[in-house]
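Written below as structure tokens is the structure these notes are about.
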Amino acid sequence: MLTFSNGSDCMNLPNLNQARKRTSKEVLIKTNDYIVKENLKELGKNRKYYIKTYGCQMNVHDSENIKAILEDMSFEETNNLEDADLILLNTCAIRENAHNKVFGFLGRVKHLKESKPHIISGICGCMAQEENVVNQIKDKYKWVDIVFGTHNIINLPNILATSMQKKEQEIEVYSIEGDVLENLPVKRDSKYKAWVNIMFGCDKFCTYCIVPYTRGKQRSRKPEFIINEVKELVDNGYMEVTLLGQNVNAYGKDLNMDYKMGDLLRDVAKTGIKRIRFMTSHPWDFDDDMINAIKDCDNIMPYVHLPLQSGSDRILKLMGRRYTKEKYIELYNKLKANIKNVSITTDIIVGFPGETEDDFKQTLQVVNECKYDSAFTFIFSKREGTPASKMEDNVSLEEKNKRLYELNELVNKYANEANQRYLNKKTKVLIEGIGEKGNLFGYTDTMKLVNVDGSEDNIGKIVDVLITDVKTWSLDGKIV
Ligand code: 5AD
Ligand code: SF4
């Protein structure tokens, strides 16, 4: 019988109470732990896999790791669900609608499995870390073959093999603080831009958010591993890296060294990579050194995603965000004053428990003051196990929808105004590929999507584009 890396062969189910714990236990940096046993290297021969990824860039990057692991077992990727022998859903737990989408898609998978029983199906990602989800899969979705958590990706070969061998549902989800894994393989989706994890987990525990429970404690990667990864990307012709973390500004705070995000940004800039982005920032940890690094290095892009969440101090306090509206605006103005041509976007939640009309008006006021380049807006979603799920939610759905609509109208107005500033101007665009309408597409340094007229030879290059038309969510232009 195959055993798991922890030596057991029993199921490991998620536990939110354990996931909440933070101890001073040392984070292990594991550089040699990923291995595919010889007898599993051909398990996927003549079998195709299909991965559907939900949620944030962290998940997108995890899927790139999962793809490489499956290919180490001789599986081959397909983008056609109907052709797949293995179907994996890499899920997101941040809001209820992400849940619903996954369960909706599972219906399609079940249907396919009825006509092709050999199909192996699996669920991973943040939803796999949730007790209620896994209980539901265990009880009502017995036909789902494997479930593995965000800390268990490394053990995918064994989990898969055990399920195939025993023909039973195999669940392995650890609710632990987590380690740093350095030798996971990666199959990148792009040849030009790459996601680079700089840290894992989150210790902020904003009261509405499930992430600190699904992703473990904050663990920064050591600078040398990150810099070597970026150097290798440069050698392989990559033009852009996005440094990823739930809360990148806090990078390094958990390392026993005097090295923070500003230092990392400068060192990554020295690798010569053409474009550096980072996400996501928390206003709380945004220090002056980081602002100076962005200002000083031409290859750090003038783009900051700075989640506001709410413009009401009362709600910010209930959310556990640890800043006031005044402090947020002060930082916003500092960024605008110091970083030339900076584009700032945000996340906003409406309908947090107890949000009054006046609280909401204060959010609108901040939007009017900051005039964001763009914003992701959400209705509060109750996540089981978080403190906010126990707060009295006394705002009606109708009212929440009304507030979201009003907020979106304002956000769109400013997004359009921000884009108008590009009309008839020349701007640099990294051409990433061919879009749905057959034209080229890429992004400006300020992260604006541009549909570009031009030849395919420009894919993978940074080119000058003249903006000829402006929409709320994108720009049109031609190469000059
Ligand atoms: N309900 C609604 N939005 C949420 N977000 C995180 N948790 C929730 C929730 N429970 C939003 C925040 C965060 C973004 C990634 O998702 O705005 O910044
Ligand atoms: Fe969630 Fe807050 Fe951590 Fe962001 S900083 S992942 S919103 S807990």
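Read-outs throughout are calculated quantities, based only on the coordinates presented, and are distinct from any laboratory measurement. What you see is a predicted model; the values in this text were computed from it and never measured. In this analysis, Cβ positions are derived from the backbone assuming ideal geometry, glycine residues included, and neighbour counts consider all displayed protein chains.
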- Sort TYR414, TYR251, TYR443 so the one with the fewest other Cβ atoms within 10 Å of its own Cβ comes first. TYR414, TYR443, TYR251
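Stokes-Einstein diffusion coefficient for segment 209-271 at 10 °C in a medium of 1.306 mPa s, Rh from the Kirkwood formula over Cα pairs: what value in µm²/s? Don't skip to the answer; put the middle values down first.
On the way: Rh = 12.8 Å.
For these conditions, the coefficient is 124 µm²/s.
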- Message: Kirkwood Rh and Cα-based Rg: tell me the resulting Rg over Rh for segment 426-479, rounded to two decimals.
- Response: 0.90
- Over 29 Å [Cα-Cα, segment 20-175], rounded percent: 14 percent
- Rg followed by Dmax, in Å, when segment 258-396 is reduced to its Cα trace: 16.7, 52
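Find the Rg to Rh ratio for segment 343-420, where Rh is the Kirkwood radius over alpha-carbon pairs and Rg uses the same atoms.
Here Rg/Rh amounts to 1.02.
Once the Cα gyration tensor of the chain is found, what semi-axes does its equivalent ellipsoid get, as square roots of 5 times the eigenvalues, in whole Å, sorted largest first?
Numbers: eigenvalues 254, 155, 111 Å².
Semi-axis lengths for the chain are 36, 28, 24 Å.
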- Item | Antiparallel bridge percentage (DSSP; both residues within the chain; nearest 5) | 30 percent
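Please report the relative contact order for the chain, taking Cα pairs under 8 Å with a sequence separation of at least 6, and give it as a percent rounded to a whole number.
On the way: 960 pairs, mean separation 51.9, N = 480.
Averaging sequence separation for qualifying contacts and normalising by length gives 11 percent for the chain.
Please quote Rg/Rh for segment 393-456 to two decimal places, taking the Kirkwood radius as Rh and restricting both calculations to Cα atoms. Spell out each step's value before the answer.
Values: Rg = 17.3 Å, Rh = 14.5 Å.
My calculation puts Rg/Rh at 1.20.
What's the magnitude of the charge dipole for segment 191-301 around its Cα centre, counting Lys and Arg as +1 and Asp and Glu as -1 at the beta-carbon? Answer in Debye, nearest 20. Numbers along the way, then the final one.
Working: 17 positive and 16 negative charges, 86 e Å.
It works out to roughly 420 debye.
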- Query: Among TRP473, VAL463, PRO353, whose Cα lies farthest out toward the positive end of the dipole of segment 351-480, if unit charges sit on the beta carbon of Lys, Arg (+1) and Asp, Glu (-1)?
  - Reply: VAL463
- Exposure proxy check: THR150, THR214, THR345 ranked by fewest other beta carbons within 10 Å? THR345, THR150, THR214
- Over the alpha-carbon set of segment 21-86, work out the extent along each principal axis and list the three values in angstrom, largest first. 47, 33, 17
- Item | Equivalent ellipsoid semi-axes - Cα gyration tensor, segment 178-285, angstrom | 23, 15, 13
- Task: Can you list which of the trypsin sites (Lys or Arg not before Pro) found in segment 48-144 are DSSP loop residues with at most 16 other C-beta atoms within 10 Å?
- Result: LYS142
- Item | Once the Cα gyration tensor of segment 78-117 is diagonalised, semi-axes √(5λ) in Å | 22, 11, 7
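Name the trypsin sites (Lys or Arg not before Pro) in segment 328-410 that are in a loop by DSSP and that have at most 10 other C-beta atoms within 10 Å, would you? If you can, show how the numbers build up before the last one.
Details: sites: LYS334, LYS336, LYS340, LYS361, LYS371, LYS382, ARG383, LYS390, LYS400, LYS402, ARG403; in loops: LYS340, LYS371, LYS382, ARG383.
Here the trypsin sites (Lys or Arg not before Pro) that fit, given the DSSP loop and packing criteria, are LYS340.
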- Report ³J(HN,Hα) in whole Hz for each residue of segment 96-109, in order, from the Karplus equation J = 6.51 cos²θ - 1.76 cosθ + 1.60 where θ = phi - 60°; Gly and Pro get x. 4, 5, 5, 4, 4, 4, 5, 5, x, 5, 4, x, 5, 5
- Item | Residue order, fewest to most surrounding Cβ atoms within 10 angstrom, among PHE378, PHE352, PHE105 | PHE105, PHE378, PHE352
- Message: Cα atoms only: what Rg and Dmax, in Å, come out for segment 326-480?
- Response: 19.0, 57
- Only helical DSSP H runs with n ≥ 4 go in: add -39500 (n - 2.57) per run for the chain, normalise by residue count and round the 222 nm mean residue ellipticity to 500 deg cm²/dmol. -10000 deg cm²/dmol
